[in-house]
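Working notes, beginning with the structure itself.
The values are calculated or read from the model by the stated rules, or taken from the named source; none is laboratory data. This one's a predicted model, so the numbers in the text were calculated from it and none came from an experiment. Note: ideal-geometry Cβ built from the backbone for every residue, glycine included; neighbour counts use all protein chains shown. Calculation scope for accessible area: heavy atoms of the full protein, side chains included, ligands and nucleic acids excluded. Shrake-Rupley method; radii C 1.70, N 1.55, O 1.52, S 1.80 Å.
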Amino acid sequence: MSVHQSSNIKRVTTHTLQEMKARGEKISMLTAYDYSMAGILDAAGIDIILVGDSASNVMAGHETTLPITLDQMIYHASSVVRAVKRAFVVVDIPFGSYQGNSSEALRSTIRIMKESGAHAVKVEGGAEIKESVTRILSAGVPVMGHLGLTPQSIYKFGTYTVRAKEEKEAEKLLSDAKVLEECGCFAIVLEKIPAKLAQKVSETVAIPVIGIGAGAYVDGQVLVVHDMLGITQEFQPRFLRQYADLRGTMLNAVENYIQDVKSKDFPNEKESY
Ligand SMILES: Nc1nc(=O)c2c([nH]1)NC[C@@H]1CN(c3ccc(C(=O)N[C@@H](CCC(=O)O)C(=O)O)cc3)CN21
Ligand SMILES: CC(C)C(=O)C(=O)O
Ligand SMILES: [Mg+2]
């Protein structure tokens, strides 16, 4: 342990995650984009926090993940990192900051690592981005892959339907997973694909496979935290399990506050100086 790290909590590393797969312990992963939320996830014992480019939807209200910038991702990531004592922090490299240009991929990664203090980056795609992945890894930065439904290329597909249902697409996905493993990726996210195919990928590659809408036979699960807490409203895909109704809870609290202000119940004497 570094002399600068005074806490005695044992941090999750790529090595920890590899060991978890080897012994069959499932990996838990959720997104976070800010200090307060990341602190709660870390305190609960989450293994991986993803600073997802879904911040573009959830935090900024955009329709897709495409508009979010590298600067904005670094702002979210640095806020998350300041809250985390144990979890492994992975940051999505945003659209336009790595595709088709390995030098730019490396430059974006170095900015993310230097300016946020995160532990790894995530990129969408397989063979097409092999050079970028290799270049990032050559700088010593762990890379998480992302295959299946890849939201940064939504306009190429036009829909958010389940991916790799056809044999040819399934073969390409399996081959991409092998490419990512050979490049040296430490893990792969599989999004919205048939459970059978996800199982096959997980059994084929030695690195951990984390699913979102990819069934139970993978090495871990990821969800967008605002979805599973019931804060987002319209996003209700079949793969989502909602663990709370925080929107309802928060609406209720805010309505009560408004009522107390209007009725002059708040503040009372004890709440005044
Ligand atoms: N709030 C949120 N949660 C997410 O999981 C998420 C984001 N945002 N933004 C980035 C990507 C986009 N993702 C998505 C988007 C849509 C579906 C989906 O299943 N949509 C429709 C089906 C559409 C169709 O069949 O054509 C649904 O059933 O809700 C799944 C994952 C996952 N990511
Ligand atoms: C849904 C996960 C895997 C993601 O990439 C994101 O939140 O941006
Ligand atoms: Mg993403």
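Numbers below:
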quantity	calculated
Karplus 3J(HN,Hα) series, Hz, for segment 120-129 with 6.51 cos²θ - 1.76 cosθ + 1.60 (x for Gly, Pro)	6, 10, 10, 10, 9, x, x, 3, 4, 10
Distance histogram for segment 1-71 (every C-alpha pair counted, 10 angstrom bins, percent rounded to whole numbers)	17, 35, 32, 15, 1
Kirkwood Rh in Å, taken over all unlike Cα pairs in segment 1-153	15.8
Part-to-part distance (alpha-carbon centres) for segment 216-267 and segment 77-107, which is given in Å	27
Under 15 Å, Cβ to Cβ, from Glu63 - net charge with Lys/Arg +1 and Asp/Glu -1	-2
Most mobile of Leu70, Leu190, Leu229 in a GNM of the chain (Cα contacts under 10 Å)	Leu229
Calculated FRET efficiency for the pair Arg107/Thr249, C-beta based, R₀ 41 Å, to 0.05	0.45
Whole-number D in µm² s⁻¹ for the chain, Kirkwood Cα-pair radius fed into Stokes-Einstein, 37 °C, 0.692 mPa s	167
Separation of the Arg82 and Arg238 label points, Cα + 7 Å toward Cβ, nm	4.2
Fraction of the pair-distance distribution of segment 121-273 above 23 Å, Cα-Cα pairs, percent	49
Potential lengthening between His15 and His62 on full extension [0.36 nm per residue; Cα-Cα distance subtracted]	13.4 nm
Accessible-area composition of segment 1-124, carbon plus sulfur, in percent [1.4 Å probe]	53
Dmax and Rg, reported as Rg then Dmax, of segment 112-173 (C-alpha, Å)	14.0, 42
Accessible-area value, Lys130, 1.4 Å probe, nucleic acids and ligands omitted, Å²	100
